[in-house]
1. Going by what's in this entry, would ARG296 be described as assigned by TED's automatic domain parsing to the domain that holds ALA262, assigned to a helix (DSSP H, G or I), farther than 16 Å from ALA270 by Cβ and without any contact (Cβ under 8 Å) to a residue 40 or more places away in the chain?
2. Picking from ASP45, ASP20, which residue would you name as being over 26 Å from the mean Cα position of the chain (by Cα) and among the acidic types (Asp, Glu)?
3. Given the conditions (1) over 25 Å from the mean Cα position of the chain (by Cα); (2) crowded, with 16+ Cβ neighbours inside 10 Å, which single one is not true for TRP235?
4. Collect the residues in the range 242-276 that are surrounded by fewer than 20 Cβ atoms within 10 Å (Cβ to Cβ) and of a type in the set (Lys, Arg), keeping them in residue-number order.
5. Which residue out of ALA278, ALA252, ALA268, ALA238 is in the same structural domain as LEU375 (by TED's automatic domain parsing), part of a loop (DSSP other than H, G, I, E, B) and out of contact with any His (no Cβ under 9 Å at 6 or more places or on another chain)?
6. Against the definition (modelled with pLDDT of 95 or more and under 23 Å from THR224 (Cβ atoms)), how does ALA288 come out, yes or no?
7. Which of the helices (runs of 4 or more DSSP H) found entirely inside the range 49-115 contain at least 2 residues meeting this: crowded, with 21+ Cβ neighbours inside 10 Å and touching a Ser or Thr at 6+ places or on another chain (Cβ under 7 Å)?
8. What is the number of the single condition among (1) buried (at least 18 other Cβ atoms within 10 Å of the Cβ); (2) under 28 Å from VAL177 (Cβ atoms) that ARG207 does not meet?
Amino acid sequence: MAHPYVLLSAAVSLDGFLDDTGPERLLLSGPEDFDRVDEVRAGSDAILVGAGTVRTDNPRLLVNSARRRAARVAAGLPEYPLKVTVSVSGDLDPEALFWHTGGAKTVYSTDKGAERLRGRLPAGVEVVALGPDMQWRDVLGHLGDVKGVRRLMVEGGGQVHTQLLRQGLADELQLAVAPLFVGEAGAPRMFGPGAYPPGRMRLVEARVVGDVVLMRYVPTAPGTGRLAFAADRRWLEAACELAAQCPPSRTAFSVGAVIVAADGTELARAHSREGGDAVVHAEEAALAKLDPADPRLAAATVYSSLEPCARRASRPAPCARLIIDAGVRRVVTAWREPDTFVASADGNALLAAQGVDVVVLPEYEDLAKAPNAHLLPPATRT
């Protein structure tokens with residue numbers, strides 16, 4: 001399933017609260033940051049909030065700028081992004097502003113929750129039942145594959161943010177930190193307790209917006225097993241971009257590879273024909289930069305733009321074998337090797353047979369193919 005890019009957006013106090021316990025919503029942002037949020041909304045395909053936020057905040061979730069709405073229409077988009085909420089129980093007020101403002105709306109629920117909602121909500125609201133249980137990967141898969149959502153802005157609440165981040169499904173975190181304290185034990189926090197992906201997130205931007213500080217972070221920790229995390233997409237994209245740095249060849253593919261530790265630390269990266277070696281492969285070159293005894297390799301992930309080779313003519317050990325011998329037990333790749341140079345080169349099967357978890361993210365196949373277009377028949381280049 002092609003998940004959308006998931007952006008978590010929130011304003012918090014200095015001590016990490018989303019609100020206080022008073023009857024009125026605590027305004028943590030100022031005019032400048034509200035305008036920034038409006039811009040982010042206008043650049044999104046959909047905006048999602050949890051049922052709790054619909055009940056407690058009664059949000060409209062609109063793009064307020066007429067200029068930005070006009071720009072969306074001029075670009076062939078709906079005036080407003082799709083509004084999305086999720087509710088396991090289906091306990092939602094049909095009079096909430098969420099349903100009566102903006103454009104299209106979709107609510108995801110369980111089978112029982114959807115049965116409760118149908119016929120109660122205003123005409124035109126789409127109710128999607130996801131089975132006896134509701135899983136975030138199913139929500140995101142439906143949004144991406146069925147609704148065509150490529151960029152999803154998530155505006156709360158804290159439980160939704162916590163679940164998406166803990167499950168490795170958030171591609172970006174945007175926090176506007178307000179210069180005040182809440183200090184109330186019963187007030188809602190941005191994130192709850194639990195097991196989060198390991199390691200440090202990467203700060204990609206910090207700037208002053210009015211009297212708040214905007215901080216943008218992206219995750220770095222790979223997924224586990226065959227479960228893809230948001231960081232897996234980021235690292236695989238980096239590997240595909242490395243492939244574009246390869247010296248051109250008519251007799252070999254251009255491939256990029258990155259090796260990442262379980263905590264998100266980059267261990268090595270390389271590309272085919274690196275350093276003037278005309279026959280070195282990307283995975284081979286990346287592994288050669290590491291101490292074979294490095295204990296981090298056992299829990300590391302190898303990202304390769306092309307399926308690691310199972311056979312090769314230039315050297316005795318194919319890349320799949322090198323990965324196995326290095327003790328790596330997880331590989332993420334974008335593109336299965338075609339029969340251009342080696343027939344039935346099923347490196348993924350060789351890896352899997354030796355207990356390596358192989359994750360294929362076909363949404364990056366075109367990016368991996370791009371530097372190899374001259375080697376492929378026209379019909380298979382995209």
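The values are calculated or read from the model by the stated rules, or taken from the named source; none is laboratory data. These figures come from a predicted structure and were not determined experimentally. All Cβ positions, even for glycine, are placed from backbone atoms using ideal geometry, and neighbour counts span all protein chains on display.
1. On the way: assigned by TED's automatic domain parsing to the domain that holds ALA262: yes; assigned to a helix (DSSP H, G or I): yes; farther than 16 Å from ALA270 by Cβ: yes; without any contact (Cβ under 8 Å) to a residue 40 or more places away in the chain: yes.
Answer is yes for this residue.
2. Values: ASP45 fails: over 26 Å from the mean Cα position of the chain (by Cα).
The match here is ASP20.
3. Only one criterion in (1) over 25 Å from the mean Cα position of the chain (by Cα); (2) crowded, with 16+ Cβ neighbours inside 10 Å is unmet by TRP235, namely (1).
4. Within the range 242-276, just ARG250 meets the criteria.
5. On the way: ALA252 fails: out of contact with any His (no Cβ under 9 Å at 6 or more places or on another chain); ALA268 fails: part of a loop (DSSP other than H, G, I, E, B); ALA238 fails: part of a loop (DSSP other than H, G, I, E, B).
Just a single option satisfies the conditions, and that option is ALA278.
6. Numbers: modelled with pLDDT of 95 or more: yes; under 23 Å from THR224 (Cβ atoms): no.
The answer is no for ALA288.
7. Numbers: elements: 51-57, 66-74, 97-100.
Result: 51-57.
8. The single condition ARG207 does not satisfy is (1).
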